[in-house]
Amino acid sequence: MMKQETIAAYAVHCLTASGIVPAALAMMEIASPYCDPRIVFLWLLLATLIDAIDGPLARRFHVKRYASSLDGRTVDDLLDYLTFAFIPLLLIWRMDWMPAGLGWTVVFAMSASLFGFAHTDAKDEANGFFRGFPSYWNAYALYAGIMSAMVSPWLTAVTLWGLSVLTVSPVWMIYPNLTPKPWKMSVMVGAVLWAIAMLVMLWQFPQPPAAWVAVSLVYPAYYVALSWHLRQAC
């Protein structure tokens, strides 16, 4: 009979793998004739919630010790690439949020994320950092739709290309779940408030009030500034 610890550890693996369900449903919506990007974003949000809780649970239930026959990191990385990079970038292409004839250039971001995930220093878990822009394309895609509708698809293109370069650059961004204790609460609470702000924008997507969009950018600005500050302290 399997020990309780082993059952719990494999249950965490199953939770991680369950992220494939919202990923598949998001892809089905993208492939539909009348794709509603808001539905895609909601499925991606569910995938993000699963990703946010499986790491702490894996450490809590000692998955590497009690369920070592499966490499949870591999499963997590595969799903992260799908839901944080490939699917949201494909959505940008599908919805024509890039300038005419340039939608295909999202493959640069897809490729950059592939190299970013595969880099041997992709995660500095000892200090709590990601190397490069951490492929938050799921959040970026929401802003891409707004920028294309309210400003210009060229703004989407320029920012996407810039973030693609940063993805493979030696810059360091906070790993939220591993943020040092004095700052972790602000990062985690801020992330929740940011998610709520994006849900509010989704309600009036793709043209929410400009003031609300500006407010929603406070947290990303704080995240970048704190990442720089903490990295300098290392």
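The values are calculated or read from the model by the stated rules, or taken from the named source; none is laboratory data. All values reported here derive from a predicted model rather than from experimental measurement. Here the Cβ is made from the backbone with ideal geometry for all residues, glycine too, and neighbour counts use every protein chain on show. Protein only, heavy atoms only, side chains kept; ligands, DNA and RNA dropped before computing areas. Shrake-Rupley method; radii C 1.70, N 1.55, O 1.52, S 1.80 Å.
Taking Ala58 as the residue in question, decide whether it is farther than 23 Å from Phe205 by Cα and open to solvent by 20 Å² or more (accessible area, probe 1.4 Å).
Against the criterion (farther than 23 Å from Phe205 by Cα and open to solvent by 20 Å² or more (accessible area, probe 1.4 Å)), Ala58 qualifies.
List the helices (runs of 4 or more DSSP H) inside region 1-103, counting only whole elements, that have at least 2 residues being over 29 Å from Lys184 (Cα atoms).
4-17, 20-31, 37-60, 87-94
So, in region 107-127, of the ones that are farther than 13 Å from Leu163 by Cα and of a type in the set (A, V, I, L, M, F, W, C), which residue ends up farthest from the chain's Cα centre (by Cα)?
Going through the qualifying residues, I end up with Ala126.
May I ask you to say which residue of Ser111, Ser148 is modelled with pLDDT of 95 or more, in a helix (DSSP H, G or I) and surrounded by 18 or more Cβ atoms within 10 Å (Cβ to Cβ)?
Ser148
How many of the residues making up region 96-106 are under 18 Å from the mean Cα position of the chain (by Cα) and farther than 14 Å from Val158 by Cα?
So the count comes out to 0.
Quick one: what pairs do we get from region 61-81, first residue of a type outside the set (Gly, Ala, Ser), second open to solvent by less than 90 Å² (accessible area, probe 1.4 Å) and outside any helix (DSSP H, G or I), C-beta under 6 Å, 6+ apart or different chains?
Short answer, once both residue conditions are applied: Leu79/Gly19.
Identify the residue in region 154-177 that is open to solvent by 50 Å² or more (accessible area, probe 1.4 Å) and part of a helix (DSSP H, G or I) and, among all such residues, is farthest from Leu230 (Cα to Cα).
Looking at the filtered set, the residue picked out is Trp154.
Given Trp93, Trp137, which one is at pLDDT 95 or above, closer than 30 Å to Trp154 by Cβ and in contact with a Gly (Cβ under 6 Å, 6 or more places away or on another chain)?
Trp93
For the subset of region 216-230 comprising residues that are of a type outside the set (Ser, Thr, Tyr) and surrounded by 15 or more Cβ atoms within 10 Å (Cβ to Cβ), which member is nearest to Asn127 (Cα to Cα)?
Leu230
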